[in-house]
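*Asks:* My questions will all concern the structure given below.
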Amino acid sequence: MFNFFKRKSTPKPHKETAKSTSLKSGNYTGLLKEFAVDLKKLSGYPAQSDYREMPSFQKIAALSPDEKADFVLAFSANPPLTTSKGHKNYTWTNVTRTVDPLSMILRRKINFTPDNIITLLHNYKNHKDINFPRWPIGLTVSQLEKCLKNNELTDMQQEALIKVSKWKAFDKRNYYGSDLQKAHAKLVKLISTEDLAAAPYPLSNEGIGQKMKADLDDMPDELRQSWYRLFHIAATSNGSKPSKTYLKNFDTQLETMELSKFKSQMQDWLTAAASANAFQDNNTVNHYNAGALSNIMQTLLKGLVWGLSRFHDEKTLAAVSKLAEKCFNRLPGIGPGAAALGNACIYTLANSKGLGGVAHLSRLKLRVKQNNTQKLIQKHIEEQAQKQGLPATKIEEMAAPDFGLGSGRKDISLKDYTLRISAEGVQNISQTWLKPDGSPQKTTPAFIKDNAALKSKLADVRAQVKEIKKALSTQRDRIDRLYTQDISWTPEDFSKYYLDHGLVSVIARKLIWALTIKGKTINALYIKGNWQDSGGKLIKDQIDTIHLWHPIQSKTDEIMTWRDRLETLEIRQPFKQAYREIYILTDAEINTGTYSNRMAAHIIKQHQFNSLAAIRGWQYSLMGAYDDGRDNTIASKAIPAYNLNAEFWIDEIIEDADHFNEAGIWNYVATDQVRFINEYDDVVELINIPPIVLSEILRDTDLFVGVASIGNDPTWMDRGGAPRTHEYWRSYSFGDLSETAKTRKAVLERLVPRLKIRDKAHIEGKFLHIQGMKHSYKIHIGSGNILIQPDDRYLCIVPGRGKDKTVEALYLPFEGDRGLSIVLSKAFMLAEDNKITDKTILSQLR
């Protein structure tokens, strides 16, 4: 192995070492062999305590600091348990059992010289069996840092270390964390000169790194060097949040740059980083990291994102938020693509001025599926709320952006033309061109395409429309979760944050609200600037408080009257309210006392359930073949307004050949009981749970089953698998209707008589019957699965991903029930089965 320098003299043994070892100074061949023998006796991946108990390791620990330096050099030149024949004899466990104890030694006091460190780094680089990133580079550079406190580098040593700092080996991705790039940054800092501090940073050659390189190449030399100086500072980012020293160093360098250009460039890079292929990187140690962002790039971007916390404009916050969502997207076999960078984005959003960052955190809370990340986001939201002296729910509604909308509408002038943005619903946002005389125009004016400034402005408008859609979805889901939060508003606050809010009013004006007037409650809808009850009567009395109406608070007659009223007005509610499912405590649940089996014994797709649970505010950890041996777990939802915690028990299923994916996560799980725990961790009798809380929790679990059940999968019977799952599929696909399906049936009973296929359709029991030209069919209203009559032969039709234009044109009383859309879409298709051209379907219509 390479030996760059030798010690000038043989060190004198340390006093305590002279008593503890009889080794001749500088001759460690015997100790290395003894060490190798002890290592071979270990199995698997030993713990540090296993190494410490080895007799040979105890002898090494007893060496003097000078002798340890010589031993480490000998160790790196000829490591135990490895060969010199290249990667054909690469044994991962042997490498681990070689490098890990070396790391333990390097944490001790060692009297290295700069020459020793240079030799050591060369030995690492030149070894054929152990990749450079796998060696303890960080600990070695830390030893150099300690060494330089008492030694100055000679010109020769300085030159040698500068060459080391430029090795391509530092550009490798390290599967074990960000040790490599942090070590490199520290090395550069220890030997830095002005030129080196502005030297090119080792960006990756793929994805976002490639774009950053290209952009830097197009910059003037002075600006490019300013960015490199900033990069070298960003590369030192570590921990969950920046230190004061880090922010001071970053801001000092940032002050030498034009802030507007820095912000603009960062917006561009972050937007690019959040694109579909930005995380691809060929600098990989093994295939498990394929598609993830390299640690060098992740640490660099993390440090740069921290530096954006001084900005609070919407464009910057939107770019940070979009990148955060990208970072937490799961990659097969890996998990989140860049969790550390995602956490940095969350930090920056939480620490930006104003409430703009909180609005994005509120959206991310619904989009990110990881429990720890959700808790981190909620923690930041609560911290901001505490600063304002308000509850977290209040700070989220205050932070809702309005995008300059007025009652959901906004006009943008582009020369003499106007682009009108109008939000009619959560996913229904129209963009209408108006000529100078106010008349509509179907297409984009031709002159905009030829004007770079107008074209850029139009692109910004299109991007904002996407943000408006996201914000509407966030606010809809937030309001839908208010039922378990026991919140009310004064008329003044309600007007400010709901009725007159540019964005939220699109949702609030389509919902029914409970008004408290002189101690009495009147349920009302806000129409054309006035409150009206279910009969259309104006409410003119002074309102004391307002809260969100739930049908469990009204009698059946009033609920039906509200449904008629919404239908007359053709109001499509953003979520189920007048048609909301109600779950009343049953006799069976009174008998069981502390738990409900209403949603038990269903087989559901675990990943789909996990996504739904996160959206509805539940905490759940995926179960798999490689967890801690659990055969069940609990999905839980905190209900702080009532000092309760809801639990939905989930069990493993290990029967099918495809029972887990390549990451070892179970594809399917089984549902079990629902119960409630109070603040003292005691189980609460169901009869003592507030009716609205019980109803909403059971509705959530019904939603999970209704969406994630394998019974909804029309292709399930073609997959083989265990008999148990087939039996369940048959029983669910064509069994009794759940509460959600009963609501769907109630809508269809009103809707079918108005459809163009009304003469071919009728409802009977749990099925929508359709008379086609070739056959008669019955569609299960719950699962959407189909049977061909008269022999009840199964017909498999897989729903398309897109929207059915025929269904979209119908008036439906609420948004968000994909199951209802699927039933209607299949009904329209089968009513004209003579026009079906899909070969897969035709082959079944024999």
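*Asks:* With a Förster radius of 25 Å, plug the Cβ-Cβ distance of residue 466 and residue 432 into 1/(1 + (r/R0)^6) and report the FRET value to the nearest 0.05.
*Replies:* So, using R0 = 25 Å, E works out to roughly 0.90.
*Asks:* What is the list of residues in region 481-506 whose amide nitrogen lies under 17 Å from a point 7 angstrom out from the Cα of residue 545, following Cα to Cβ?
*Replies:* 482-495
*Asks:* Positive end of the charge dipole of the chain (Lys, Arg +1 and Asp, Glu -1 on Cβ, about the Cα centre): tell me which of 58, 621, 422 has its Cα farthest that way.
*Replies:* 58
*Asks:* Between residue 126 and residue 167, 0.36 nm times their residue separation minus their Cα-Cα distance comes to what?
*Replies:* That works out to 13.6 nm of additional length.
*Asks:* Separate question: Points 7 angstrom from Cα along the Cβ direction at residue 572 and residue 37: gap in nanometres?
*Replies:* In this crude label model, residue 572 to residue 37 measures out at 8.1 nm.
*Asks:* Give me the 1.4 Å probe accessible area per residue for region 374-519, excluding ligands and nucleic acids, in Å².
*Replies:* Normalised by residue count, the accessible surface of region 374-519 is 47 Å².
*Asks:* At 1.4 Å probe size, with the rest of the protein present, what percent of the exposed accessible area of the chain is carbon and sulfur atoms?
*Replies:* 49 percent
*Asks:* Then there's this: What net charge is computed for the residues neighbouring residue 788, neighbours being all others with C-beta under 13 Å from the C-beta of residue 788, Lys and Arg scored +1, Asp and Glu -1?
*Replies:* Neighbourhood net charge equals +2.
*Asks:* Ordered by residue, what ³J(HN,Hα) values in Hz, to whole numbers, does region 415-423 give under the Karplus form 6.51 cos²θ - 1.76 cosθ + 1.60, where θ = phi - 60° and Gly and Pro are x?
*Replies:* Result, rounded to whole Hz: 6, 8, 9, 10, 9, 9, 9, 9, 8.
*Asks:* Which ³J(HN,Hα) values in Hz, rounded to whole numbers, follow from the phi angles of region 474-479 under the Karplus curve 6.51 cos²θ - 1.76 cosθ + 1.60, where θ = phi - 60° and Gly and Pro get x?
*Replies:* Residue by residue, region 474-479 yields 4, 5, 4, 5, 5, 5 Hz.
*Asks:* Let me ask something else. So if I place +1 on the C-beta of Lys and Arg and -1 on the C-beta of Asp and Glu, and nothing else carries charge, what would the dipole magnitude of the chain be about its Cα centre? I want it in debye, nearest 20.
*Replies:* Here the size comes out at about 1940 debye.
*Asks:* Please compare each pair in 163/263; 469/576; 146/375 to a cut-off of 27 Å on the Cα-Cα distance and tell me which ones are over it.
*Replies:* From 163/263; 469/576; 146/375, over 27 Å: 163/263; 146/375.
*Asks:* Under the 0.36 nm per residue contour assumption, what length would be gained going from the current alpha-carbon distance of residue 793 and residue 252 to full extension?
*Replies:* Answer, rounded to one decimal: 187.3 nm.
*Asks:* Amide H neighbours of residue 668 under 5 Å, counting only residues 5+ apart in sequence or on other chains, H built in-plane at 1.01 Å?
*Replies:* Residues meeting the amide H criterion: 606.
*Asks:* Along Cα→Cβ, 7 Å out, is where each label goes; now give me the distance between the ones at residue 456 and residue 261 in nm to one decimal.
*Replies:* Taking the two extended label points, one gets 1.5 nm.
*Asks:* Then there's this: Toward the positive end of the charge dipole of the chain, about the Cα centre and with charges on Cβ (Lys, Arg +1; Asp, Glu -1), which of 113, 695, 341 goes farthest?
*Replies:* The one lying farthest along the dipole's positive direction is 113.
*Asks:* Between helix 137-147 and the chain, what is the angle of the helix's C-alpha long axis to the longest principal axis, kept within 0 to 90° and rounded to the nearest 10?
*Replies:* 50 degrees
*Asks:* Label points 7 Å out from Cα along the Cβ direction at residue 103 and residue 154: separation in nm?
*Replies:* 3.4 nm
*Asks:* If you don't mind, another one. Under the rule of at least 5 residues apart or a separate chain, name every residue whose amide H is placed under 5 Å from the amide H of residue 776.
*Replies:* 789
*Asks:* Now for a separate question. Could you order peptides 389-397, 345-353 by the average number of other Cβ atoms within 10 Å of their residues, highest first?
*Replies:* Going by the mean number of other Cβ atoms within 10 Å, highest first, we get 345-353, 389-397.
*Asks:* Another question, then. Enter the Cα centre distance for the pair region 682-734 and region 535-552, rounded to the nearest angstrom.
*Replies:* Going from one Cα centre to the other spans 35 Å.
*Asks:* Can you give the extra length, in nm with one decimal, that the chain gains between residue 58 and residue 749 once fully stretched, where that is 0.36 nm per residue apart less the Cα-Cα distance?
*Replies:* Full extension from residue 58 to residue 749 adds 240.6 nm.
*Asks:* Scan (i) 0.98; (ii) 1.04; (iii) 1.20 for the value of Rg/Rh (Cα atoms, Kirkwood Rh) calculated from this model and give just the label.
*Replies:* (ii)
*Asks:* Report the calculated FRET efficiency for residue 837 and residue 409 (r = Cβ-Cβ distance, R0 = 41 Å), to the nearest 0.05.
*Replies:* The value I calculate is 0.50.
*Asks:* Using the alpha-carbon atoms, what tilt in degrees (0 to 90, nearest 10) does helix 295-306 show relative to the longest principal axis of the chain?
*Replies:* It works out to around 60 degrees.
*Asks:* What net charge do the residues around residue 561 carry, taking every other residue with its C-beta under 13 Å from that of residue 561, with Lys and Arg at +1 and Asp and Glu at -1?
*Replies:* -1
*Asks:* Suppose R0 equals 56 Å; then what is the FRET efficiency for residue 532 and residue 245 from their Cβ-Cβ distance, rounded to the nearest 0.05?
*Replies:* 0.35
*Asks:* Where does helix 244-254 land angle-wise versus the long Cα axis of the chain, in degrees 0 to 90, nearest 10?
*Replies:* On a 0 to 90 degree scale, this one is about 90.
*Asks:* Could you run the Karplus curve 6.51 cos²θ - 1.76 cosθ + 1.60 with θ = phi - 60° over region 491-498 and give me ³J(HN,Hα) per residue in whole Hz, x for Gly and Pro?
*Replies:* Per-residue couplings from phi come out as x, 5, 5, 5, 5, 5, 9, 10 Hz.
The values are calculated or read from the model by the stated rules, or taken from the named source; none is laboratory data. Just so it is clear, the model here is predicted, and its values are computed rather than measured. For neighbour counting, all protein chains shown are included, and Cβ atoms are generated from backbone atoms with ideal geometry for every residue, glycine included. Heavy atoms of the whole protein, side chains included, go into the accessibility calculation; ligands, DNA and RNA do not. Shrake-Rupley method; radii C 1.70, N 1.55, O 1.52, S 1.80 Å.
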